[in-house]
Amino acid sequence: MDIFLQQLINGLTIGSLYALVALGYTMVYGVMRLINFAHGDLVAFSAYVGLTIFTQFYGSNALNIVNIVIVFCLTAIVVAFVGVLLERLAYRPLRTAPRLSAVVSALGASLVIQNAIMLIWGPNMEIFPSNIFPDTSWTFGTVIISFTQLVILALSAVLMIGLYIFINKTKVGTAIRATAIDQDAAKLMGINVNRIIMTIFIIGSMLGAIGGLFIGVYYRGLTFDMGWLYGLNAFIAAIIGGIGSIPGAMLGGLLLGLFNAMISGYVSTEWAETFTFILLIVILIFRPTGILGEKTAEKV
């Protein structure tokens, strides 16, 4: 039971990271029917940007709450700007092109960002400072919850709930949902589709940036190609939950994090990735659209 409870905490923490990144995938796919393969590399880029901001402005000094917020906000702004550039340069010119062209462009953008990280920060691993969050933990029996885990769980929950309310309760959210259903009809209703698509790239990139910073703070080790691993897991989480469904991305991320943690705790860490794909295959066999995905009619 002690192992179960500890892995439950660990799984929810990892699942929250997956969910934040998966939201970027699912929002872009929901509106554009495009898999943004460069999103994982944006997440890695955000971790390096956050590390640079921290080291350049604060050095080895411990951060207070204001400084932490500044680091997160500056990182999110920089990554959002790169996300907008990505949409304008790599995706918008191919919006009416065959879908395969956009997929190839996405893969090319992913390689460009990955190699840019390597050229700017080098191929060697970078280590995130350990003093960004207080080194505090609470012990309940044999279960340990660190301050970092608590922050990740709390802030991720706030961001996911806030995004759900934004999408379902605001005019911009209504425009996003309308654009996802039919872009041509949305244009006829006076919705600026280009602005809506730019908005989802900004939101998705900012959520990915926060996820990337949390990954750096939680795991500490950064490599230029780590975006592929975290992006792949987040993409799998989005598929499990139902690609295109925002609640599905949240649910899929949490479930995948819990599943990986339980496999690591009770079987082996080396087998976690293998069982991840087994889980994906099983869910797609019985639920091809994902847990919360819905079948949609293809326009002809």
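The values are calculated or read from the model by the stated rules, or taken from the named source; none is laboratory data. Just so you know, these numbers come straight off a predicted model, no measurement behind them. Don't worry about glycine lacking a Cβ; one is built from the backbone with ideal geometry, like all the others, and counts go over all protein chains shown.
Please verify whether G248 is more than 22 Å from L107 (Cα to Cα), over 14 Å from the mean Cα position of the chain (by Cα) and of a type outside the set (S, T, Y), treating the condition exactly as stated.
Criteria not met by G248.
Every residue, every condition in (1) of a type in the set (A, V, I, L, M); (2) in a loop (DSSP other than H, G, I, E, B); (3) modelled with pLDDT of 90 or more, yes or no:
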residue	(1), (2), (3)
I3	yes, no, no
G15	no, no, yes
A22	yes, no, yes
T26	no, no, yes
Y29	no, no, yes
A76	yes, no, yes
A80	yes, no, yes
R88	no, no, yes
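Any residue at all in region 209-216 that's closer than 30 Å to N124 by Cα, among the aliphatic types (A, V, I, L, M), in contact with a strand residue (DSSP E or B) (Cβ under 9 Å, 6 or more places away or on another chain) and not in a helix (DSSP H, G or I)?
No, every residue in region 209-216 fails to be closer than 30 Å to N124 by Cα, among the aliphatic types (A, V, I, L, M), in contact with a strand residue (DSSP E or B) (Cβ under 9 Å, 6 or more places away or on another chain) and not in a helix (DSSP H, G or I).
I144 passes all but one of (1) touching a residue at least 24 places away in the same chain (Cβ under 8 Å); (2) outside any helix (DSSP H, G or I); (3) of a type outside the set (K, R); (4) in contact with a helix residue (DSSP H, G or I) (Cβ under 6 Å, 6 or more places away or on another chain); which number fails?
(4)
Quick one: which residue in A175, A116, A76 is free of Cβ contacts under 8 Å to residues at least 60 places away in the same chain, surrounded by 13 or more Cβ atoms within 10 Å (Cβ to Cβ) and out of contact with any strand residue (DSSP E or B) (no Cβ under 8 Å at 6 or more places or on another chain)?
Just a single option satisfies the conditions, and that option is A175.
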